[in-house]
Amino acid sequence: MKFMKKTVALLLVAVMAMTVFVGCAKDKEETLDPTEVVMVVGETEVTMNIANFFVRYNQSLMESMYSQYIGEDVWITEVEKGVTYEDNLKESLLEELQKMYIITNHVADYKVALTDEEVKAIEAAADSFIAENKGDDVQAKVSGDKDTVVEYLKLYTLNEKMGEAMRADVDTVVTDEQAAQKRMRYFEIKKIAETDDGSTMEMSDEEVKAAQKEAKEFLKGAKANGSMEAYSTEAEKETKTLAFDAGSTTLDEEVIKAADKLKVNEFSDVIETENGIYVVQLESEFDAEATESNKGTVLTERQEARYEELVEKWTEETKITLHEKAWGKISIQGLKVNYTEEKTEE
């Protein structure tokens with residue numbers, strides 16, 4: 001089975017990828033009834049054609065990547081005892097497809113609809129799909145008839161537009177206080193080093209003791225100097241700076257907590273974590289440049305939190321009925337999907 005990829009320029013959706021399928025099935029593949037109801041989300045019936053196409057599309061994106069590392073038997077390989085990669089992927093895809101319908105059931109709340117331009121672009125993408133995948137047998141295996149492709153692309157595009165509308169439903173003003181970043185300078189001795197062949201090597205107990213001694217001597221010298229930056233130049237030791245707040249995860253939690261308690265120019269004690277040994281000096285309680293830069297991150301986090309909050313609320317309010325026997329008929333290991341790509345510019 002092969003695919004080709006084209007981009008569809010849509011208003012309010014920067015680029016939507018449409019992948020085209022062709023190929024052959026294994027013996028165990030079951031003939032699917034495209035009209036069979038797989039699940040009901042709220043008042044919306046999700047039929048086999050959409051469910052199968054959605055699975056095949058996403059399978060195509062995962063199969064070539066997984067196969068490189070796991071081999072041709074990827075879908076029957078166990079992720080954990082009793083759970084195969086097929087089980088794992090189908091579970092996540094089922095949740096994603098349910099979420100897509102839950103979200104589109106609320107388009108009226110945000111006055112979201114497809115424009116004529118978007119519908120025309122979707123129709124053109126579907127025509128391209130059909131042109132690249134000639135033959136009723138091929139299209140049937142992936143539920144790749146034009147009506148199904150159009151329906152899926154409409155669902156996808158409405159989800160993209162709803163995502164923007166849902167994320168916009170927040171206060172976009174981020175104050176300095178909300179985005180405030182401090183700045184530390186730190187000396188680090190890593191306990192785990194990467195070797196030339198890409199593997200990792202951990203320090204021995206003796207090496208850890210030597211590193212602790214080195215860090216203590218560095219701290220003593222830096223304190224005597226008053227400036228870690230100046231002392232590191234003098235001692236020919238490398239130090240780094242980091243803008244951070246109490247929730248930062250760039251360094252180990254113990255390092256962030258210790259730095260967050262310091263006043264300007266104060267030094268921490270030697271900090272030992274699972275990954276390394278550190279000495280920290282707080283250089284600034286308010287890094288203006290880093291704070292300004294962090295405002296975009298704070299806004300994004302706020303928007304994502306609002307999106308997830310709405311999805312969770314709507315999911316709790318929505319009755320979902322899954323016809324497990326119908327869903328079970330879609331076998332990922334029953335149909336081989338390979339991926340090739342052709343890029344075009346719209």
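Per the 1.4 Å probe, what fraction of the accessible area of the chain, in percent, lies on carbon and sulfur atoms?
Working: 8950 of 19190 Å².
Carbon and sulfur together cover 47 percent of it.
Give the angle, between 0 and 90 degrees and rounded to the nearest 10, that separates the Cα long axis of helix 205-225 from the longest principal axis of the Cα atoms of the chain.
Taking the Cα atoms of the chain, the angle to 205-225 is about 60 degrees.
Can you tell me which of 181-192, 34-45 comes out highest on packing, and rank the rest after it, using the mean Cβ neighbours within 10 Å?
181-192, 34-45
Under a 1.4 Å probe, what is the accessible area of the chain per residue, stated in Å²? The partial results should precede the final answer.
Values: 19190 Å² over 346 residues.
Averaged over the residues of the chain, the accessible area is 55 Å².
Based on the mean of other Cβ atoms within 10 Å per residue, sort peptides 262-268, 118-124 so the most packed one is first.
Those peptides, ordered most packed to least, come out 118-124, 262-268.
Note down the magnitude of the dipole of the chain about its Cα centre, charges +1 on Lys and Arg C-beta and -1 on Asp and Glu C-beta and zero elsewhere, to the nearest 20 debye.
The calculation lands at about 200 debye.
Where does helix 85-104 land angle-wise versus the long Cα axis of the chain, in degrees 0 to 90, nearest 10?
80 degrees
The list [x] 20.8; [y] 16.8; [z] 23.5 gives values of mean projected area of the Cα convex hull in nm², and only one came from this structure; which label was calculated from it?
The calculated read-out lines up with [z].
Got a sec? Charge dipole of the chain, +1 on Cβ for Lys and Arg, -1 for Asp and Glu; which of Thr44, Asn294, Thr250 is way out at the positive end?
Going by the charge dipole, the pick is Thr44.
When we measure straight from the Cα of Lys99, which lysines land under 18 angstrom away, once same-chain ones fewer than 8 places off are left out?
Result set, ordered by chain and number: Lys90, Lys154, Lys161, Lys313, Lys319.
How many angstrom lie between the Cα centre of region 54-85 and the Cα centre of region 244-308?
38 Å
Charges only on Cβ, +1 for Lys and Arg, -1 for Asp and Glu: so what's the dipole of region 34-158 about the Cα centre, in debye to the nearest 20?
Value, rounded to 20: 180 debye.
Using only DSSP helix segments of four residues or longer, with each worth -39500 (n - 2.57), what per-residue ellipticity at 222 nm results for the chain after dividing by its residue count and rounding to 500? Working shown, then result.
Working: 11 runs with 164 residues, N = 346.
-15500 deg cm²/dmol, from helical runs alone.
Angle between the Cα long axis of helix 288-317 and the longest principal axis of the chain, 0 to 90 degrees, nearest 10?
40 degrees
The values are calculated or read from the model by the stated rules, or taken from the named source; none is laboratory data. In this text, all values refer to a predicted model and were calculated from it rather than measured experimentally. Note that we place each Cβ from the backbone using ideal geometry, even for glycine, and neighbour counts take in every protein chain shown. Ligands, DNA and RNA are excluded from the accessible area calculation, which covers all protein heavy atoms including side chains. Shrake-Rupley method; radii C 1.70, N 1.55, O 1.52, S 1.80 Å.
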